[in-house]
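Structure, as C-alpha coordinates:
The values are calculated or read from the model by the stated rules, or taken from the named source; none is laboratory data. Not measured: the values here are computed from a predicted model. FYI the Cβ positions are ideal-geometry reconstructions off the backbone, even for glycines, and counts take in every protein chain you see. Keep in mind that these areas ignore ligands, DNA and RNA; they rest on the heavy atoms of the full protein, side chains included. Shrake-Rupley method; radii C 1.70, N 1.55, O 1.52, S 1.80 Å.
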Amino acid sequence: MPALKKVFLGLTLWFVIVTCRSTESSKRNLCIQATDNCPNEHIKLYLYTNKTKNDPVEITEDSIKNIEFATTFDLKILIHGIKGSKDDDFNTILRDAYFSQAEYNIITIDYFPIATSLKCYSVAVQNLPIIAKCITQFLVAILDEYDQFVYVHAIGFSLGGQAAGLVGKLLKEKGKILNRVTGLDPALPHFEMLWNLLDAESATMVDIIHTNCGGLGQMLPIGTVDFYANGGITQPGCDRTSANKYNKYWYFCSHERAYKFYAESIYHGMGMSGFYATTSSTLNQLSLLGQFSSFSGTKVLVGEYLDRRTKGIYNFLTNDSPPYAQGRNKFYSYIMKWFS
(Lines give C-alpha, C1' and ligand atoms only; values in the text may rest on other atoms or scores of the structure.)
Protein backbone atom coordinates (compact mmCIF):
# COMPACT_ATOMS: atom_id res chain seq x y z
CA MET A 1 0.00 0.00 0.00
CA PRO A 2 2.72 2.55 0.89
CA ALA A 3 4.41 1.76 -2.44
CA LEU A 4 1.19 2.34 -4.38
CA LYS A 5 0.67 5.59 -2.49
CA LYS A 6 4.16 6.78 -3.46
CA VAL A 7 3.53 5.89 -7.10
CA PHE A 8 0.21 7.75 -7.01
CA LEU A 9 1.81 10.82 -5.42
CA GLY A 10 4.65 10.70 -7.91
CA LEU A 11 2.28 10.53 -10.87
CA THR A 12 0.24 13.40 -9.42
CA LEU A 13 3.35 15.54 -8.98
CA TRP A 14 4.49 14.72 -12.52
CA PHE A 15 1.06 15.71 -13.87
CA VAL A 16 1.15 19.03 -12.02
CA ILE A 17 4.68 19.83 -13.26
CA VAL A 18 3.86 18.96 -16.88
CA THR A 19 0.62 20.96 -16.72
CA CYS A 20 2.37 24.00 -15.25
CA ARG A 21 5.15 23.84 -17.81
CA SER A 22 2.62 23.50 -20.60
CA THR A 23 0.71 26.51 -19.30
CA GLU A 24 3.89 28.59 -18.99
CA SER A 25 4.92 27.55 -22.50
CA SER A 26 1.53 28.56 -23.85
CA LYS A 27 1.84 31.94 -22.16
CA ARG A 28 5.28 32.46 -23.65
CA ASN A 29 4.00 31.64 -27.11
CA LEU A 30 0.92 33.83 -26.78
CA CYS A 31 0.98 36.64 -29.32
CA ILE A 32 -0.37 39.85 -27.78
CA GLN A 33 -2.08 42.51 -29.83
CA ALA A 34 -1.20 45.81 -28.17
CA THR A 35 -3.96 48.20 -27.20
CA ASP A 36 -3.88 51.64 -28.76
CA ASN A 37 -3.00 53.60 -25.65
CA CYS A 38 0.09 55.34 -24.30
CA PRO A 39 1.61 54.83 -21.84
CA ASN A 40 1.35 51.12 -22.58
CA GLU A 41 2.12 48.33 -20.13
CA HIS A 42 3.92 46.37 -22.84
CA ILE A 43 6.19 49.19 -24.01
CA LYS A 44 8.86 50.40 -21.58
CA LEU A 45 11.60 53.01 -21.89
CA TYR A 46 14.76 52.89 -19.77
CA LEU A 47 17.42 55.55 -19.41
CA TYR A 48 21.04 54.42 -19.17
CA THR A 49 23.90 56.78 -18.39
CA ASN A 50 27.49 56.06 -17.42
CA LYS A 51 26.40 56.29 -13.78
CA THR A 52 23.24 54.19 -14.09
CA LYS A 53 24.32 51.69 -16.74
CA ASN A 54 23.85 48.81 -14.28
CA ASP A 55 20.67 50.17 -12.75
CA PRO A 56 18.66 52.00 -15.45
CA VAL A 57 15.85 54.42 -14.68
CA GLU A 58 12.43 53.58 -16.11
CA ILE A 59 10.96 56.58 -17.87
CA THR A 60 7.34 57.21 -16.97
CA GLU A 61 4.98 60.16 -17.20
CA ASP A 62 5.60 60.87 -13.53
CA SER A 63 9.38 60.52 -13.63
CA ILE A 64 10.19 62.60 -16.71
CA LYS A 65 10.54 65.91 -14.83
CA ASN A 66 12.84 64.40 -12.21
CA ILE A 67 15.18 62.38 -14.39
CA GLU A 68 18.88 63.09 -14.02
CA PHE A 69 20.33 63.06 -17.52
CA ALA A 70 24.06 63.03 -18.11
CA THR A 71 25.45 66.42 -19.14
CA THR A 72 25.87 65.74 -22.85
CA PHE A 73 23.99 67.03 -25.89
CA ASP A 74 23.82 63.52 -27.43
CA LEU A 75 20.71 61.37 -26.99
CA LYS A 76 20.75 57.83 -28.32
CA ILE A 77 17.60 55.71 -28.71
CA LEU A 78 18.05 51.95 -29.15
CA ILE A 79 15.16 49.89 -30.57
CA HIS A 80 15.52 46.10 -30.65
CA GLY A 81 14.00 43.61 -33.09
CA ILE A 82 11.75 40.57 -32.75
CA LYS A 83 12.51 38.47 -29.63
CA GLY A 84 14.64 41.31 -28.29
CA SER A 85 14.57 43.11 -24.95
CA LYS A 86 16.49 45.77 -23.06
CA ASP A 87 19.03 43.11 -22.06
CA ASP A 88 19.52 41.37 -25.41
CA ASP A 89 22.81 41.31 -27.32
CA PHE A 90 21.91 44.25 -29.55
CA ASN A 91 21.31 46.54 -26.58
CA THR A 92 24.08 45.36 -24.27
CA ILE A 93 26.77 45.28 -26.95
CA LEU A 94 25.96 48.79 -28.19
CA ARG A 95 25.59 50.29 -24.70
CA ASP A 96 28.91 48.79 -23.60
CA ALA A 97 30.58 50.21 -26.69
CA TYR A 98 29.20 53.72 -26.15
CA PHE A 99 29.94 53.88 -22.43
CA SER A 100 33.50 52.73 -23.01
CA GLN A 101 34.14 55.80 -25.13
CA ALA A 102 32.39 58.81 -23.61
CA GLU A 103 29.45 60.16 -21.59
CA TYR A 104 26.09 59.27 -23.12
CA ASN A 105 22.36 59.35 -22.50
CA ILE A 106 20.93 56.16 -23.95
CA ILE A 107 17.22 55.35 -23.97
CA THR A 108 16.56 51.67 -24.56
CA ILE A 109 13.09 50.64 -25.71
CA ASP A 110 11.73 47.31 -24.47
CA TYR A 111 8.61 45.93 -26.15
CA PHE A 112 9.38 42.23 -25.68
CA PRO A 113 5.87 41.23 -24.41
CA ILE A 114 4.34 42.11 -27.79
CA ALA A 115 7.14 40.68 -29.95
CA THR A 116 8.17 37.55 -28.09
CA SER A 117 9.02 35.15 -30.91
CA LEU A 118 9.22 34.60 -34.65
CA LYS A 119 5.81 32.92 -34.43
CA CYS A 120 4.46 36.30 -33.32
CA TYR A 121 6.20 38.28 -36.08
CA SER A 122 3.02 39.20 -37.99
CA VAL A 123 1.36 40.41 -34.79
CA ALA A 124 4.52 42.32 -33.84
CA VAL A 125 4.39 44.12 -37.19
CA GLN A 126 0.79 45.10 -36.43
CA ASN A 127 2.00 46.43 -33.07
CA LEU A 128 4.63 48.74 -34.60
CA PRO A 129 2.32 51.77 -34.98
CA ILE A 130 1.49 51.78 -31.26
CA ILE A 131 5.14 51.10 -30.36
CA ALA A 132 6.25 54.08 -32.45
CA LYS A 133 3.41 56.21 -31.10
CA CYS A 134 4.41 55.59 -27.47
CA ILE A 135 8.11 56.18 -28.15
CA THR A 136 7.24 59.44 -29.92
CA GLN A 137 5.01 60.60 -27.08
CA PHE A 138 7.78 60.15 -24.52
CA LEU A 139 10.43 61.73 -26.76
CA VAL A 140 8.30 64.81 -27.33
CA ALA A 141 7.81 65.17 -23.56
CA ILE A 142 11.56 64.77 -22.93
CA LEU A 143 12.59 67.22 -25.66
CA ASP A 144 10.05 69.76 -24.41
CA GLU A 145 11.26 69.42 -20.81
CA TYR A 146 15.02 69.36 -21.48
CA ASP A 147 16.74 71.72 -23.90
CA GLN A 148 20.20 70.14 -23.68
CA PHE A 149 19.70 67.68 -26.53
CA VAL A 150 20.85 69.03 -29.87
CA TYR A 151 21.61 65.69 -31.52
CA VAL A 152 19.02 62.91 -31.31
CA HIS A 153 20.00 59.62 -32.91
CA ALA A 154 17.77 56.53 -33.13
CA ILE A 155 19.35 53.16 -33.88
CA GLY A 156 17.11 50.23 -34.75
CA PHE A 157 17.94 46.63 -35.54
CA SER A 158 15.70 44.56 -37.83
CA LEU A 159 12.07 45.25 -36.82
CA GLY A 160 13.45 48.03 -34.60
CA GLY A 161 14.81 49.73 -37.71
CA GLN A 162 11.32 49.98 -39.13
CA ALA A 163 10.04 51.28 -35.77
CA ALA A 164 12.78 53.94 -35.72
CA GLY A 165 11.76 55.05 -39.20
CA LEU A 166 8.16 55.53 -38.13
CA VAL A 167 9.19 57.38 -34.96
CA GLY A 168 11.12 59.85 -37.11
CA LYS A 169 8.05 60.55 -39.24
CA LEU A 170 5.73 60.90 -36.24
CA LEU A 171 8.16 63.33 -34.60
CA LYS A 172 8.09 65.49 -37.72
CA GLU A 173 4.33 65.75 -37.33
CA LYS A 174 4.94 67.06 -33.79
CA GLY A 175 7.44 69.66 -34.96
CA LYS A 176 10.50 67.65 -33.85
CA ILE A 177 13.22 66.15 -36.03
CA LEU A 178 15.50 63.17 -35.56
CA ASN A 179 18.99 64.19 -36.58
CA ARG A 180 19.86 60.64 -37.54
CA VAL A 181 18.33 57.21 -37.88
CA THR A 182 20.60 54.20 -38.30
CA GLY A 183 18.90 51.10 -39.66
CA LEU A 184 20.86 47.93 -38.90
CA ASP A 185 19.65 45.44 -41.50
CA PRO A 186 16.06 46.76 -41.23
CA ALA A 187 13.42 44.05 -41.50
CA LEU A 188 12.17 42.97 -44.94
CA PRO A 189 9.22 40.56 -44.30
CA HIS A 190 5.94 42.54 -44.48
CA PHE A 191 7.86 45.68 -45.50
CA GLU A 192 8.44 45.01 -49.16
CA MET A 193 8.30 47.85 -51.63
CA LEU A 194 5.90 50.67 -50.61
CA TRP A 195 5.18 49.29 -47.14
CA ASN A 196 8.57 50.38 -45.79
CA LEU A 197 8.39 52.54 -42.65
CA LEU A 198 12.07 53.46 -42.68
CA ASP A 199 13.28 55.63 -45.55
CA ALA A 200 15.21 58.79 -46.34
CA GLU A 201 12.36 60.93 -44.96
CA SER A 202 12.67 59.50 -41.42
CA ALA A 203 15.49 61.84 -40.33
CA THR A 204 17.99 64.42 -41.53
CA MET A 205 20.43 61.57 -42.14
CA VAL A 206 19.41 57.93 -42.56
CA ASP A 207 22.24 55.41 -42.83
CA ILE A 208 21.54 51.75 -43.50
CA ILE A 209 23.86 48.78 -43.02
CA HIS A 210 22.71 45.78 -45.07
CA THR A 211 23.97 42.35 -44.04
CA ASN A 212 21.21 39.90 -45.06
CA CYS A 213 19.36 41.76 -47.78
CA GLY A 214 16.64 39.85 -49.57
CA GLY A 215 16.42 37.46 -46.63
CA LEU A 216 15.60 38.94 -43.23
CA GLY A 217 16.75 42.43 -44.20
CA GLN A 218 15.90 45.07 -46.79
CA MET A 219 17.43 44.60 -50.22
CA LEU A 220 16.93 47.95 -51.96
CA PRO A 221 18.64 51.16 -50.81
CA ILE A 222 16.22 53.09 -48.59
CA GLY A 223 18.37 55.64 -46.75
CA THR A 224 20.27 58.78 -47.57
CA VAL A 225 23.26 56.42 -47.61
CA ASP A 226 23.26 52.62 -47.81
CA PHE A 227 26.18 50.34 -46.98
CA TYR A 228 26.25 46.75 -48.18
CA ALA A 229 28.62 44.61 -46.11
CA ASN A 230 30.38 42.02 -48.26
CA GLY A 231 27.68 42.43 -50.92
CA GLY A 232 24.93 42.53 -48.31
CA ILE A 233 23.48 39.01 -48.47
CA THR A 234 25.74 36.52 -46.68
CA GLN A 235 28.51 37.47 -44.27
CA PRO A 236 31.91 35.72 -44.07
CA GLY A 237 31.83 33.07 -41.37
CA CYS A 238 28.04 32.75 -41.64
CA ASP A 239 27.76 30.95 -44.97
CA ARG A 240 26.20 27.51 -45.16
CA THR A 241 29.51 25.85 -46.01
CA SER A 242 31.35 27.19 -42.98
CA ALA A 243 32.19 24.58 -40.38
CA ASN A 244 30.67 26.36 -37.40
CA LYS A 245 27.51 26.55 -35.32
CA TYR A 246 25.92 28.97 -37.81
CA ASN A 247 25.63 26.36 -40.57
CA LYS A 248 21.92 25.81 -39.99
CA TYR A 249 21.01 29.42 -39.28
CA TRP A 250 23.34 31.33 -41.59
CA TYR A 251 20.67 33.99 -42.26
CA PHE A 252 20.32 34.87 -38.56
CA CYS A 253 24.10 35.04 -38.27
CA SER A 254 24.34 37.41 -41.25
CA HIS A 255 21.40 39.49 -39.98
CA GLU A 256 22.96 39.99 -36.54
CA ARG A 257 26.32 41.02 -37.96
CA ALA A 258 24.80 44.44 -38.66
CA TYR A 259 24.79 45.49 -35.00
CA LYS A 260 28.08 43.73 -34.31
CA PHE A 261 29.75 45.73 -37.07
CA TYR A 262 28.18 48.93 -35.76
CA ALA A 263 29.30 48.28 -32.18
CA GLU A 264 32.84 47.64 -33.37
CA SER A 265 32.77 50.92 -35.30
CA ILE A 266 32.18 52.74 -31.99
CA TYR A 267 35.31 51.20 -30.49
CA HIS A 268 37.41 52.04 -33.55
CA GLY A 269 36.43 55.70 -33.47
CA MET A 270 37.75 57.60 -36.48
CA GLY A 271 40.98 55.64 -36.68
CA MET A 272 42.52 53.75 -39.55
CA SER A 273 41.31 50.47 -38.08
CA GLY A 274 37.59 51.04 -38.75
CA PHE A 275 35.26 49.94 -41.54
CA TYR A 276 35.93 51.70 -44.84
CA ALA A 277 33.58 51.52 -47.83
CA THR A 278 34.04 52.30 -51.50
CA THR A 279 31.46 53.67 -53.91
CA SER A 280 29.48 50.99 -55.71
CA SER A 281 29.00 51.59 -59.41
CA THR A 282 25.22 51.11 -59.62
CA LEU A 283 22.50 49.18 -57.89
CA ASN A 284 22.42 46.88 -60.91
CA GLN A 285 25.79 45.50 -59.85
CA LEU A 286 24.14 43.74 -56.91
CA SER A 287 23.99 40.09 -57.86
CA LEU A 288 22.31 37.07 -56.34
CA LEU A 289 25.75 36.01 -55.17
CA GLY A 290 25.99 39.08 -52.99
CA GLN A 291 28.71 40.86 -54.92
CA PHE A 292 29.12 44.55 -55.73
CA SER A 293 31.37 46.07 -58.33
CA SER A 294 33.19 48.89 -56.57
CA PHE A 295 35.21 51.82 -57.77
CA SER A 296 38.58 52.44 -56.19
CA GLY A 297 39.28 55.88 -54.77
CA THR A 298 38.01 57.72 -51.72
CA LYS A 299 37.07 55.45 -48.84
CA VAL A 300 34.19 56.36 -46.57
CA LEU A 301 34.17 55.53 -42.86
CA VAL A 302 31.18 53.33 -41.96
CA GLY A 303 29.31 53.28 -38.65
CA GLU A 304 29.04 55.64 -35.69
CA TYR A 305 31.49 58.24 -37.01
CA LEU A 306 30.09 58.42 -40.53
CA ASP A 307 30.53 61.82 -42.17
CA ARG A 308 27.04 63.35 -42.11
CA ARG A 309 27.44 64.68 -45.65
CA THR A 310 27.87 61.17 -47.10
CA LYS A 311 25.21 60.04 -49.57
CA GLY A 312 24.86 57.18 -52.01
CA ILE A 313 25.46 53.42 -52.15
CA TYR A 314 28.63 51.80 -50.84
CA ASN A 315 30.16 48.40 -50.31
CA PHE A 316 32.63 47.36 -47.61
CA LEU A 317 34.47 44.16 -46.80
CA THR A 318 34.98 42.56 -43.38
CA ASN A 319 36.83 39.71 -41.74
CA ASP A 320 34.95 36.52 -40.85
CA SER A 321 35.54 36.94 -37.10
CA PRO A 322 36.34 39.78 -34.65
CA PRO A 323 37.85 42.21 -35.21
CA TYR A 324 35.63 42.41 -38.28
CA ALA A 325 36.99 45.70 -39.62
CA GLN A 326 39.75 45.50 -42.22
CA GLY A 327 40.76 49.12 -41.88
CA ARG A 328 42.08 50.96 -44.89
CA ASN A 329 44.09 47.95 -45.96
CA LYS A 330 44.34 44.24 -45.20
CA PHE A 331 47.88 44.49 -43.86
CA TYR A 332 46.63 46.70 -41.02
CA SER A 333 43.80 44.22 -40.46
CA TYR A 334 46.21 41.30 -40.07
CA ILE A 335 48.24 43.25 -37.51
CA MET A 336 45.09 44.13 -35.49
CA LYS A 337 43.87 40.53 -35.60
CA TRP A 338 47.25 39.23 -34.42
CA PHE A 339 47.31 41.63 -31.45
CA SER A 340 43.70 40.79 -30.50
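Details
- One residue alone among Pro221, Pro236 is in contact (Cβ under 8 Å) with a residue 40 or more places away in the chain, buried (at least 17 other Cβ atoms within 10 Å of the Cβ) and part of a loop (DSSP other than H, G, I, E, B), and that residue is Pro221.
- Condition check for Lys169: basic (Lys, Arg), at pLDDT 95 or above and either touching a helix residue (DSSP H, G or I) at 6+ places or on another chain (Cβ under 6 Å) or farther than 24 Å from Asp226 by Cα (or both): no
- Hits in segment 199-213 (condition: modelled with pLDDT of 95 or more and either over 13 Å from the mean Cα position of the chain (by Cα) or open to solvent by 10 Å² or more (accessible area, probe 1.4 Å) (or both)): Asp199, Ala200, Glu201, Ser202, Ala203, Thr204, Met205, Val206, Asn212
- Criterion applied to Ile93, Ile82, Ile77 was being in a strand (DSSP E or B), within 20 Å of the chain's Cα centre (by Cα) and of a type outside the set (Lys, Arg), and the one residue passing it is Ile77.
- Qualifying residue in segment 98-105 (condition: over 27 Å from Tyr267 (Cβ atoms), modelled with pLDDT of 95 or more and either of a type in the set (Phe, Trp, Tyr) or surrounded by fewer than 17 Cβ atoms within 10 Å (Cβ to Cβ) (or both)): no
- Check on Ser280, surrounded by fewer than 13 Cβ atoms within 10 Å (Cβ to Cβ) and modelled with pLDDT under 95: no
- Against the test of being part of a helix (DSSP H, G or I) and over 25 Å from Trp195 (Cβ atoms), the options Ile142, Ile107 yield a single qualifying residue, Ile142.
- Each residue in segment 113-126 was checked for being free of Cβ contacts under 8 Å to residues at least 60 places away in the same chain and open to solvent by 20 Å² or more (accessible area, probe 1.4 Å), and 1 pass.
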